[in-house]
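Q: Before anything else, here's the structure in question.
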Amino acid sequence: MPGGARSSPPCRPLKDNATLNLYARSGLKIVMPYVSRLFIKTGIAYLVLTFVAGAVLLSLEAAGRPVPYMIEIEHGHAGFVGWLVNTVIGVAYWLLPVNRARFAETQGRYPEGRARFSFYALNVGLALRLLSEPWFTRQPSPAGSAFLYLAALLQVLGIAAFASIAWQRVFPPPLRPDI
Ligand code: HEM
């Protein structure tokens with residue numbers, strides 16, 4: 001090597017197969033936690049659903065047919081709550097800094113039960129809304145209104161459960177004792 005200089009190996013992208021194999025062999029794992037996967041895959045399903053509903057709405061428009069207002073509302077909620085909110089929560093549970101002092105039992109991520117509750121409450125609430133709102137607006141009934149109350153309550157509880165965890169995973173770095 002000229003002048004005895006050692007050339008450093010070229011940088012490789014973090015996620016090529018060789019690097020991942022190296023991580024696996026050395027015991028380091030890149031693992032997306034279960035609750036994150038639940039949220040993100042549900043988000044992907046809603047993304048597809050939203051696009052299909054959007055395509056139907058657009059086709060109705062193109063055909064000069066009236067676009068049912070309620071389907072627009074459903075499409076909007078599937079897109080924003082179903083796709084966007086689910087995806088953001090899934091990524092946040094995965095990537096926000098861990099708080100080992102607060103959630104020691106899961107290496108700092110979250111209390112497993114509360115995180116799962118946030119998923120089921122939000123998504124059962126959303127599904128209940130999407131299914132019962134068109135039915136209720138066409139034909140108001142005590143049962144329909146009970147479903148909508150429940151849908152509202154579940155979604156708020158789900159988000160509150162998420163917020164209570166995320167809040168504790170946003171904090172400044174600890175001060176170094178030597179400064
Ligand atoms: C994640 C992606 C999407 C989100 C979050 C989203 C969100 C929304 C929202 C909030 C509305 C308004 C609903 C209202 O007026 O109350 C809407 C309307 C609409 N969207 Fe989407 N949308 C998405 C993707 C799409 C796609 C891919 C298409 C077409 C293929 C589409 C076609 C439409 C149509 C035709 C309307 C009705 C417009 C009108 O007549 O007022 N959307 N969307």
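Q: What list do you get for ARG100, ARG114 if you sort them by fewest beta carbons within 10 Å?
A: Details: ARG100 11, ARG114 15.
In order of increasing Cβ crowding within 10 Å: ARG100, ARG114.
Q: Let me check I've understood the local charge: for TYR149, count other residues with C-beta under 14 angstrom from its C-beta, Lys and Arg +1, Asp and Glu -1. What total comes out?
A: Working: positive: ARG129; negative: GLU133.
That works out to 0.
Q: Another question about this same structure. Is there a quick way to get the dipole size of region 34-167? I mean about its Cα centre, with the Cβ of Lys and Arg at +1 and of Asp and Glu at -1; what is the value in debye to the nearest 20? Write down the numbers at each step before the final one.
A: Working: 10 positive and 6 negative charges, 84 e Å.
My answer is approximately 400 debye.
Q: If you wrap a convex hull around the alpha carbons of region 34-167, what volume per residue comes out, as a whole number of Å³?
A: 90 Å³
Q: Next question. Could you list SER118, SER36 in order of exposure, starting from the residue whose Cβ has the fewest other Cβ atoms within 10 Å?
A: SER36, SER118
Q: List GLU112, GLU105, GLU74 from most exposed to least, where exposure is judged by having the fewest other Cβ atoms within 10 Å.
A: GLU105, GLU112, GLU74
Since every read-out is calculated from the coordinates, none of them should be taken as a lab result. Because the structure is predicted, anything quoted here is derived from the model rather than measured. Heads up, the Cβs are rebuilt from the backbone with ideal geometry, glycines too, and the neighbour counts pull from every protein chain shown.
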